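First comes the structure, then the notes that go with it.
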């Protein structure tokens with residue numbers, strides 16, 4: 001187990017290095033941030049001064065090594081725009097994104113799993129066919145457009161919910177969370193639903209497939225032969241078995257959701273990492289972009305590792321085989 | 001198990017039966033007449049079970065013998081109401097302790113299953129839920145039918161595991177199914193069947209997937225248990241030799257119908273139906289050593305389109321025009337029935 | 001190299017003759033699902049609209065000369081100032097007829113999506129086939145690249161690429177190809193591995209055919225079914241991704257807008273209640289994607305009996 005973790009972390013390191021190099025070089029080629037920062041009347045001398053202060057006068061490879069050296073110490077440079085440490089900017093906005101992603105994922109699973117089981121129990125019934133057709137709709141509708149339409153309906157026409165921004169937050173262990181306030185929920189529900197629509201559809205499909213695969217199994221029949229209540233047969237025997245693939249997929253999708261939050265945050269002006277990324281790309285704020293990517297890569301690999309561990313915990317066949 | 005041992009064995013079984021036989025000493029535990037279970041598929045109607053008569057007395061062991069595809073497993077499922085769509089029981093009578101099981105409600109079925117009637121499946125790897133511990137699966141079987149505490153249920157599980165001869169049962173309880181060997185798993189399955197002291201156990205080829213030595217042990221233990229507790233047992237198998245050493249009565253199935261039924265001694269030594277005769281004759285014994293084997297010619301017909309009348313007639317040496325009519329079950333000798341127009345010939 | 005006219009050549013005609021009946025069976029199976037047929041109808045609608053846009057559209061919304069600024073922000077069903085046409089779906093901030101804009105936008109959306117899928121298919125399938133055929137280190141290396149590519153969220157890869165490459169339809173296509181090729185590579189490799197162990201590959205190799213010929217003339221046709229399913233589903237993803245990128249402002253340029261860009265244009269008017277500028281292009285986009293997904297879904301069930309509903 002330990003060996004795997006170490007191996008994984010080493011792999012992450014390699015990927016991080018490659019990624020950082022690629023992005024570093026790429027963004028370097030894109031444009032000249034100095035022209036964005038300096039006022040149009042700035043003289044060449046002033047521009048040069050800015051360039052030097054940002055370390056942009058050095059050759060590319062040297063800039064990269066400086067970056068690496070600092071990165072290892074946790075310093076990802078300062079934002080070209082605001083001068084604040086890039087990593088700190090991102091970490092500040094992380095709770096907002098994580099909160100959104102977590103709520104969205106929870107919604108998807110809590111709604112999607114039961115619906116998926118229903119659809120899997122009797123595949124030819126009207127209810128299950130409706131659910132499946134609904135799920136096609138769910139992942140076909142473009143995510144950002146759904147967000148727009150939700151805003152239009154609930155914020156503009158009905159005026160029930162705010163169209164943008166995050167609600168009131170309460171600090172928990174130093175982390176500001178908006179799930180604990182009613183106002184927070186009012187702002188959270190639209191963006192979370194937007195994300196949840198597509199993910200829910202996916203979870204429904206996976207659950208249904210897993211259910212259909214598990215139902216004809218002998219152990220289900222045997223459980224019934226023991227006279228166990230149908231509620232327990234489905235709720236314990238079936239559920240515990242299908243949870244394994246579902247949790248694995250939900251875990252991996254969580255990573256996708258965090259990344260894709262870029263779009264939702266733009267639509268709803270949600271103050272998270274994603275919005276920061278888009279703005280930074282448009283403003284050529286390289287340190288922030290690079291810092292974001294490093295963080296995301298690290299997060300994704302960590303997530304993969306966590307999902308693997310969860311899988312091992314859930315499936316005793318895997319867990320106990322490893323020891324022997 | 002060689003046939004010689006079997007034939008000899010049947011001599012001693014015969015003796016056993018006459019001593020212990022409680023069959024006939026009261027109403028039968030299970031009485032089945034004319035059971036028909038059909039599957040309504042897109043390809044047509046599969047008549048998996050098309051006329052089965054069975055009766056099991058208290059403490060009696062009945063062997064249900066047939067090749068794969070003869071419908072014996074489906075018979076077992078039908079007796080528990082576990083036939084999956086697109087199949088269902090279409091005809092026949094099933095009386096359990098006098099209760100008509102075809103009229104019974106879903107909740108009554110659940111009360112009966114695992115409690116009064118228990119079933120042991122063929123492949124223990126797949127019948128035990130791989131992600132649940134053994135104790136969970138045993139305790140839930142007790143709790144489903146008895147309002148007792150978890151500790152009491154667990155104690156009962158322990159007791160039964162010991163009875164089926166599992167060493168260090170406490171450890172096994174905490175294990176997961178895949179950590180146990182095949183023989184051990186099957187003993188757990190048998191233990192589960194015994195948990196609530198059922199009146200009838202249906203065992204569907206429980207030893208087919210096991211080593212021959214384990215098979216012998218389990219057969220012996222099952223027999224002992226049934227004698228001791230007075231539990232009726234239907235042992236479904238394709239192996240006539242197994243049944244010969246174990247059962248009091250034998251029912252032979254072919255293509256969905258019971259074609260012969262009688263005491264083990266009678267069926268094996270005085271087979272009436274040509275199919276039974278063929279089965280016995282095709283078992284190699286020391287006396288037939290060196291001679292070519294005598295298999296039954298032809299192949300089992302598909303259950304989708306059975307031959308008209310007697311299903312065996314396409315492979316039968318005694319077949320005549322009369323066989324185009326499905327034969328009725330006739331009691332040729334005392335408690336020895338056969339479905340054949342030419343029963344006992346040759 | 002002279003190859004005698006024998007087994008290899010005769011393998012092909014036999015396969016060609018067999019194609020007839022499976023094709024017919026496939027058509028029957030496919031048409032059994034009403035939903036799939038609905039999908040086909042939707043697809044035909046959208047593709048037809050895209051192809052015939054210049055003839056159907058009442059206005060060319062990108063020819064500034066035809067626009068009358070006074071007609072801007074009109075709700076659906078309004079008449080134009082000079083009563084020459086009806087704006088069935090309203091007009092946007094620049095007085096462009098939304099209906100016409102949708103037709104032209106659909107063109108761009110479908111074109112970008114299709115081209116990128118075809119290119120990704122070509123590249124990905126080639127990589128996958130090569131990996132499966134040669135095995136060993138080549139396989140390990142290629143698949144590692146695929147795995148790394150696949151573990152990254154598509155949207156991020158596309159965003160960064162476009163940030164580097166800049167705006168333009170061609171750049172968008174490149175970004176989409178980079179994001180998608182890995183799916184094809186993995187699927188092609190999987191299918192090719194199954195085929196590799198089959199006899200006709202042995203036979204072809206015995207004939208000393210070059211690996212290119214074996215791969216593309218013999219193995220590839222048999223790998224098509226799963227690849228076609230992936231292509232269909234991927235087309236929907238590509239179109240949606242392009243729309244998202246354009247919505248974010250890093251996709252197609254203003255001069256050649258896609259449906260995503262149209263939706264983005266309408267965003268600012270949403271809060272003032274002018275919903276139609278974003279709403280209708282979204283519906284059009286949804287119809288296209290739903291159509292593709294319905295077809296792709298059923299294709300998957302038909303071509304892979306394991307998943308059959």
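We did not get these values from a lab; they are worked out from the coordinates using the rules stated. Every value quoted in this text rests on a predicted model; they were computed, and no experiment measured them. Cβ coordinates were reconstructed from backbone atoms using ideal geometry, including for glycine residues, and neighbour counts include every protein chain displayed.
Going by how many other beta carbons lie within 10 Å of each one, how would you line up B:268, C:115, fewest first?
Details: B:268 24, C:115 17.
Least crowded to most crowded, the residues run C:115, B:268.
Given 10 °C and 1.306 mPa s, how large is the Stokes-Einstein diffusion coefficient of segment B:129-195 in µm²/s, with Rh as the Kirkwood radius over Cα pairs?
D = 137 µm²/s.
What is the order of C:276, C:88, A:61, fewest Cβ neighbours within 10 Å to most?
Going from sparsest to densest Cβ surroundings: A:61, C:88, C:276.
Can you give me the C-alpha center-to-center distance between segment B:55-110 and segment B:228-274, rounded to a whole angstrom?
When both Cα centres are located, 17 Å separates them.
Can you put B:270, B:238 in order, fewest other beta carbons within 10 Å first?
Lowest to highest Cβ neighbour count: B:270, B:238.
What whole-number distance in Å separates the alpha-carbon centres of segment A:199-260 and segment B:119-193?
Going from one Cα centre to the other spans 24 Å.
Calculate the spin-label point distance for residue A:303 paired with residue C:55, positioning each point 7 Å from the Cα along the beta-carbon direction, and give it in nanometres.
Once both label points are built, they end up 4.8 nm from each other.
If r is the Cβ-Cβ distance from residue A:164 to residue B:104 and R0 is 56 Å, what FRET efficiency results, to the nearest 0.05?
Efficiency, rounded to the nearest 0.05: 0.35.
In Å and from the alpha-carbon atoms only, list the Rg and Dmax of segment C:18-175.
Gyration radius and largest Cα-Cα distance of segment C:18-175: 22.6, 71 Å.
How big is the Kirkwood radius of segment B:101-165, worked out from every pair of different alpha carbons and given in Å to one decimal?
13.3
Calculate how steeply helix B:182-194 sits against the longest principal axis of the alpha-carbon atoms of chain B, using the helix alpha-carbon long axis, and give the answer as 0 to 90 degrees to the nearest 10.
80
Work out how far the C-alpha atoms of chain B reach from end to end along every principal axis, then list the three figures in whole Å, largest first.
Principal-axis extents of chain B (Cα, largest first): 65, 46, 40 Å.
For residue C:45 and residue C:141, compute 0.36 nm times the residue count separating them, minus their Cα-Cα distance, and round to one decimal in nm. Please list the in-between numbers first.
Working: separation 96, 0.36 × 96 = 34.56 nm, distance 4.32 nm.
That pair, residue C:45 and residue C:141, stretches by 30.2 nm at full extension.
How much FRET efficiency would the formula 1/(1 + (r/R0)^6) give for residue C:34 and residue B:326, where r is the Cβ-Cβ distance and R0 is 30 Å, rounded to 0.05?
The formula returns an efficiency of 0.10 here.
Distance from a point 7 Å along Cα→Cβ of residue C:94 to each backbone N in segment C:255-298: keep the residues under 16 Å and list them by number.
C:255-269, C:277-278
Mind checking the alpha-carbon convex hull of segment C:128-262 and giving the volume per residue in Å³? Write down the numbers at each step before the final one.
Details: hull volume 15.4 nm³, N = 135.
About 114 Å³ per residue, rounded to a whole number.
Kindly express, to the nearest 10 degrees and within the range 0 to 90, the angle between helix C:259-270's C-alpha long axis and the longest C-alpha principal axis of chain C.
30
Quick one: angle between helix B:212-229 and the longest Cα principal axis of chain B, in degrees between 0 and 90, rounded to 10, please.
80
Label 7 Å along Cα→Cβ of residue A:94; segment A:281-295 residues with amide nitrogen under 16 Å?
A:288-295
Mind checking A:228-241 for the average number of partner chain beta-carbons within 10 Å of each residue's beta-carbon?
Mean number of neighbouring Cβ atoms from other chains: 3.
For the protein assembly as shown, just list the percent of Cα-Cα distances falling in each 10 Å bin from zero outward, please.
Once binned at 10 Å, the Cα pair distances of the protein assembly as shown give 2, 9, 15, 17, 16, 14, 11, 8, 5, 2, 1, 0, 0.
Would you give the gap between the C-alpha center of segment B:295-346 and the C-alpha center of segment C:80-135, rounded to a whole Å?
If we compute the Cα centre of each part, the gap is 71 Å.
What nm distance separates the two modelled labels at residue C:26 and residue C:203, each placed 7 Å from Cα along Cα→Cβ?
2.1
With label points built 7 Å along Cα→Cβ from the Cα atoms of residue B:40 and residue B:335, find their separation and express it in nm.
Result: 4.0 nm between the two label points.
Could you compute Rg(Cα) / (2.2 N^0.38 Å) for chain C, with N its residue count? Working shown, then result.
Details: Rg = 23.3 Å, N = 309, 2.2 N^0.38 = 19.4 Å.
Chain C yields a ratio of 1.20.
Please find the FRET efficiency linking residue B:148 to residue A:234, where r is the Cβ-Cβ separation and R0 is fixed at 22 Å, and quote it to the nearest 0.05.
Numbers: r = 24 Å, r/R0 = 1.09.
That pair, residue B:148 with residue A:234, gives E of 0.35.
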